[in-house]
Amino acid sequence: MTSISDAMPVYAPSLPEEGFVSIPQRLQELAARQPDHPAVHDETGTLTWRRFVDGVNRVANRLRAAGLQRGDTVAGLSENSARYLTLFMGTLTAGGCMVPLSGMAAGETLALMVNDCDARFLFVSDKHRALIEPLLDSLHNVAPDGRVALDFQGDGWLDFEDWLGDARADAPDHTPSLDDPFNIIYSSGTTGVPKGILHDHRLRARHVERGHALGYDQDAVTLVSTPLYSNTTLVAVLPTLFGGGTIVSMAKFNAHRFLELAQKYRTTHAMLVPVQYQRILAEPDFERFDLSSFKVKFSTSAPLRGHVIADAMARWPGNIIEFYGLTEGGVTTTLNCAENPTKWDTVGKASPGCELRIIDEDLKEVPAGEIGEIVGRSGAMMRGYYKRDAKTSELLWTSPDGEVFYRTGDMGRLDEDGFLSVLDRRKDMIISGGFNIYAEDLERVLLKHEAVADAAVIAIPSEQWGETPLGLVVLAEGATGDLDTVRDWANERLGKGQRLAALERREELPRSTIGKILKRELRDPYWKDREQAARD
């Protein structure tokens, strides 16, 4: 097998080796410096830094004894837990590359991903056992002695503690380099094998580099309520660990439980997706919880609506900082909500070290105020899609001066102050009568109506216009507004070429585990008959 370390080019600007401290090295330092400080809380109890790192080292030594070589992949399929985090850090400490898998994927897709990443080891929790177990014989590289049960016992599985055996708790003799693989995160996909996004220690070093400025120090207590297979989660977890702080791990998000844990552990930081903000703020008991310990909350994965920011800033202590970017890296923007109260409908400005541009259909840069595809480059850029050189090449845009940018597939515009508005996925853009319509503009108007709690706008077939915008809305609790009245209200505030053809009510909108509205799932029923007719 080709070493992952040699498989992909590096497009990111260089980070000097001098002074580089890897996350595994940092964990050893912290265990010696603050052995009794809490490292991880979960529903089973608390691990101090000494106990946590001892567990990390035991996993690392056991993996190496089992034959793991530098750059080998280890796959994990589990909800958040102290044990799963220990496995993740143990894999890195052994010199391996962690592949956290999504339990939301179909079983066949999971098997394809395990084979695609060449994993020799597979660790699974009981919650996901039934998903992968029927497919074990199709996993080409995972031998029976590489199948480990994190929290159950069963035929064909090695119990985690039995697998660990008498593995030593001292640090293995391994020092990562900047170019060593760190993790592979699989993008969401509906057919075939999703793309494996390969991150190295260089990218993760960039993430933890900014951590201190965001308050990720020894006093940080980060409540983790999104899954470890999401980059959203890792950009909060890793700086917390590097800073010597404390992780509070939720196995599954629940708004009321989030508030209980935040109060109990005096949480200072949380990375949340927009739908979580909505659910937490809508909790009937929200006001009775003491959230005064919060210093800052982060948001990413989808634009955080201005009215949600306003509600959170008014009722929830601490600032809000919104990030926009790709799991692949390259583009990253930051919106400091306390400092920019007039820009809450944007995703902020290019973060330090990021260069951001907008390009048109001809791949030419356009000036501020014009709409185009967002591209960017920064110090945090993936090595590439694992074993997908052609797909990696499709992502790249080279500027006239020879610099490599990543294309986002998102349409956006920069205002005169350099703040970015994200309008839509390029593939989701509505083209009606030859004019481009951006769903974000229409959704923003709908959400200003008091009867609308959530909204998504999609393209549906139109004999007259080719496509026309349809609004799908979730009504606010107790709202009784007539949908035609709401549509007319919105259309009065939209341009003539943007007007909604109709509104339809939904009880809820389908979302991914990190809160993105699944627009393809919403569109498909409307286009199915037309696509079938075209095939016939």
Practice prompt. Return the only residue of ALA82, ALA111, ALA66, ALA94 being in contact with a helix residue (DSSP H, G or I) (Cβ under 6 Å, 6 or more places away or on another chain), of a type in the set (A, V, I, L, M, F, W, C), surrounded by fewer than 23 Cβ atoms within 10 Å (Cβ to Cβ) and touching a residue at least 24 places away in the same chain (Cβ under 8 Å).
Written response: ALA111
Item to complete: Evaluate the following for ASP424: is it in contact with a strand residue (DSSP E or B) (Cβ under 6 Å, 6 or more places away or on another chain), under 29 Å from LEU503 (Cα atoms) and not polar (S, T, N, Q)?
Response: yes
Practice prompt. Would you mind finding the one in ALA501, ALA476 that is of a type outside the set (Ser, Thr, Tyr), within 26 Å of ALA310 (Cα to Cα) and at pLDDT 85 or above?
Written response: ALA476
Practice prompt. Filter the stretch 317-374 down to residues that are aromatic (Phe, Trp, Tyr) and either without any contact (Cβ under 8 Å) to a residue 24 or more places away in the chain or over 19 Å from TYR438 (Cα atoms) (or both), then give me how many there are.
Written response: 1
Item to complete: Note down all Cβ pairs under 6 Å where the first residue falls in the stretch 137-163 and is assigned by TED's automatic domain parsing to the domain that holds LEU68, the second is exposed (fewer than 13 other Cβ atoms within 10 Å of the Cβ), and they're at least six residues apart or on different chains.
Response: ASP159/GLN153
Response to the item:
Scanning the stretch 204-240 for residues that are of a type in the set (A, V, I, L, M, F, W, C) and over 21 Å from ILE185 (Cα atoms), the one nearest to the chain's Cα centre (by Cα) turns out to be LEU223
Discussion item. Would you confirm, using the coordinates I've provided, whether ASP454 is buried (at least 20 other Cβ atoms within 10 Å of the Cβ), modelled with pLDDT under 95 and assigned by TED's automatic domain parsing to the domain that holds ASP524?
Written reply: yes
Worksheet item: Within the bounds of the stretch 415-429, is there any residue that is at negative phi, at pLDDT below 95, of a type in the set (S, T, N, Q) and in contact with a Cys (Cβ under 6 Å, 6 or more places away or on another chain)?
Response: no
Practice prompt. Please go through the stretch 20-72 and pick out each residue that is in a helix (DSSP H, G or I) and of a type in the set (Phe, Trp, Tyr).
Written response: TRP49, PHE52
Practice prompt. List every residue pair whose Cβ atoms lie under 8 Å apart, where the two residues are 6 or more positions apart in sequence or sit on different chains, the first residue falls within the stretch 124-136 and is touching a residue at least 24 places away in the same chain (Cβ under 8 Å) and part of a helix (DSSP H, G or I), and the second residue, located anywhere, is surrounded by 15 or more Cβ atoms within 10 Å (Cβ to Cβ) and among the hydroxyl-bearing types (Ser, Thr, Tyr).
Written response: LYS127/SER78; HIS128/SER78
Practice prompt. Please work out which residue is modelled with the lowest pLDDT, limiting yourself to the stretch 190-221 and to residues that are of a type in the set (Lys, Arg) and in a loop (DSSP other than H, G, I, E, B).
Written response: ARG210
Practice prompt. Name the one entry in ILE437, ILE431 that is within 17 Å of TRP527 (Cβ to Cβ), of a type in the set (Val, Ile, Thr), in contact (Cβ under 8 Å) with a residue 24 or more places away in the chain and surrounded by 15 or more Cβ atoms within 10 Å (Cβ to Cβ).
Written response: ILE437
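The values are calculated or read from the model by the stated rules, or taken from the named source; none is laboratory data. Remember, predicted model here, so these are calculated numbers, not experimental data. No Cβ is skipped: glycine too gets one built from the backbone with ideal geometry, and neighbour counts run over all protein chains shown.
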